[in-house]
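Report on one structure; see the data block that follows.
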Amino acid sequence: MALPSISGTTKFTGLIGHPVAHSRSPRIHHHWLAKHQIAARYLAFDVAPSGLPHAIKGAQALGVLGLNITIPYKENVLEYVDEIDPLARAVGAANTLHITAQKICAYNTDVYGIAENLRSGAGDLSPYLSCALVLGAGGAARAAIMALHQLGVREIMLANRTLRNAEQLAASMPVPVQIIQWENKEKALEHVRLLVNATSLGMLHHAPLTLDLSCLSTDALVHDSVYAPLQTELLTQAQARGNKTVSGIGMLLYQAQAAFEIWHGIKPEIDAEILQLAVRGG
Ligand code: NAP
């Protein structure tokens, strides 16, 4: 079905980040807007760091309905909003703004994205809830830690290349996190039932994540937040030794689903069609 044509009442939504050219969100949102015949559009805006506050205020002045926020602004965007949803505050990062003439509210739908992705990708999560290891200490790691906490993971460990960033994360989140030295992450896999890569390692045009999985039980679950490529080396390596795996593409779709609902009041369906559309790169 085609999108309703542009008129004087068309609503605007979009994405702010730096860079954004790779984003699949315009395609995902336009598919749902067409499906539900909502007169709106979704555009990606590459905003330089000095332009962030102006872009957000400008969006409000223009009557933009909502914005997604991506790398590198998920954390500092909180400085420029009027209200922060309790979950976004707990995570210390937001990826969705709902904008009205009166106020700008910040939400974090990445937490829902990763939690739903794990639920739908792995089914019964109870075998994986004793101990998790999260790699990374950026926005995705923050969302992953909160999602794991919500899902009932009893022990959450964190390893990050820069120890100070891991320590800052652990000190600022309302969830107990045990820090593991980056050099010791492979040894720590002995206890892990759920491994989450939340670094940018493995992403297209980035270095691969080189991780020796031999200490990880083959009954453990492996989640990669990276979705481009869809099949990362981590997932290939884990699958080859029999581990159940979940790809980051579902996280992308579920966080988009929650943002769409905040803006348009409709929860769009995650079906084979949208999955295929999101998987297609470019
Ligand atoms: P970020 O805030 O920039 O954090 C990047 C993380 O990767 C940091 O912990 C950084 O460690 C680590 N890192 C970068 N290069 C490294 C290297 N060479 N060796 C070891 N560690 C390295 O990014 P983010 O927003 O958290 O995103 C992280 C990943 O999650 C990205 O791949 C992103 O695409 C993915 N993501 C996916 C979704 C989804 O919907 N599927 C949503 C959000 C993010 P330092 O602290 O040492 O710099």
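Read-outs throughout are calculated quantities, based only on the coordinates presented, and are distinct from any laboratory measurement. Here the structure is a predicted model, which is why all the values come from computation and not from measurement. Heads up, the Cβs are rebuilt from the backbone with ideal geometry, glycines too, and the neighbour counts pull from every protein chain shown.
Given H placed 1.01 Å from N in the peptide plane, which residues other than close sequence neighbours of residue 42 have an amide H under 5 Å from its amide H?
The list, which skips near neighbours in sequence, is 13.
Reachable lysines from residue 11, Cα under 20 Å, same-chain residues fewer than 8 places away excluded?
35, 57, 103, 267
Find which of 8, 38, 115 sits farthest along the positive direction of the dipole of the chain, computed with +1 on the beta-carbon of Lys and Arg, -1 on that of Asp and Glu, about the Cα centre.
Going by the charge dipole, the pick is 8.
Taking the simple approach of a point 7 Å from Cα along Cα-to-Cβ for both residue 191 and residue 272, what is their distance in nm?
4.3
Once you put a point 7 Å from the Cα of residue 100 and another 7 Å from the Cα of residue 280, both along the Cβ direction, what distance in nm separates them?
3.7
Give me the net charge of residue 75's neighbourhood, meaning all other residues with Cβ under 14 Å from the Cβ of residue 75; Lys, Arg count +1, Asp, Glu -1.
+1
Residue by residue through segment 198-211, which ³J(HN,Hα) values in whole Hz follow from phi under the Karplus form 6.51 cos²θ - 1.76 cosθ + 1.60 (θ = phi - 60°), with glycine and proline marked x?
10, 9, 8, 5, x, 5, 3, 6, 10, 5, x, 8, 9, 9
So which trypsin sites (Lys or Arg not before Pro) in segment 37-130 pass both tests, a DSSP loop state and at most 14 other Cβ atoms within 10 Å of the Cβ?
Listed in order of number, the matching sites are 103.
Length gain on complete extension for the stretch residue 183 to residue 35, per 0.36 nm per residue less the alpha carbon to alpha carbon distance?
Details: separation 148, 0.36 × 148 = 53.28 nm, distance 4.81 nm.
Using 0.36 nm per residue and subtracting the Cα-Cα distance, I get 48.5 nm.
List the residues whose amide H sits under 5 Å from the amide H of residue 179, counting only those 5 or more places along or on another chain, with H placed 1.01 Å from N in the peptide plane.
It is 158, by chain and number.
If you average the C-alpha positions of segment 111-125 and of segment 197-220 separately, how far apart do those two centres end up, in angstrom?
The two parts, judged by their Cα centres, are 19 Å apart.
If you filter segment 153-261 for GluC sites (Glu not before Pro), then keep DSSP loop positions with at most 14 other Cβ within 10 Å, what is left?
On the way: sites: 155, 167, 183, 186, 190, 233, 261; in loops: none.
Here no loop site has a sparse enough neighbourhood.
For labels at residue 171 and residue 50 in the simple 7 Å Cα→Cβ model, what's the distance in nm?
Once both label points are built, they end up 3.1 nm from each other.
Please get the size of the charge dipole for segment 111-247, origin at its Cα centre, with Cβ charges of +1 on Lys and Arg and -1 on Asp and Glu, quoted in debye to the nearest 20.
In debye, rounded to 20, segment 111-247 gives about 160.
With θ set to phi - 60° and the Karplus curve 6.51 cos²θ - 1.76 cosθ + 1.60, what are the ³J(HN,Hα) couplings of segment 235-250 in order, to the nearest whole Hz, using x for Gly and Pro?
Values per residue, Gly and Pro as x: 5, 4, 5, 5, 5, 4, 9, x, 6, 6, 10, 9, 8, x, 5, x Hz.
Mind checking segment 192-281 for trypsin sites (Lys or Arg not before Pro) that DSSP puts in a loop (not H, G, I, E or B) and that have at most 14 other Cβ atoms within 10 Å?
241, 280
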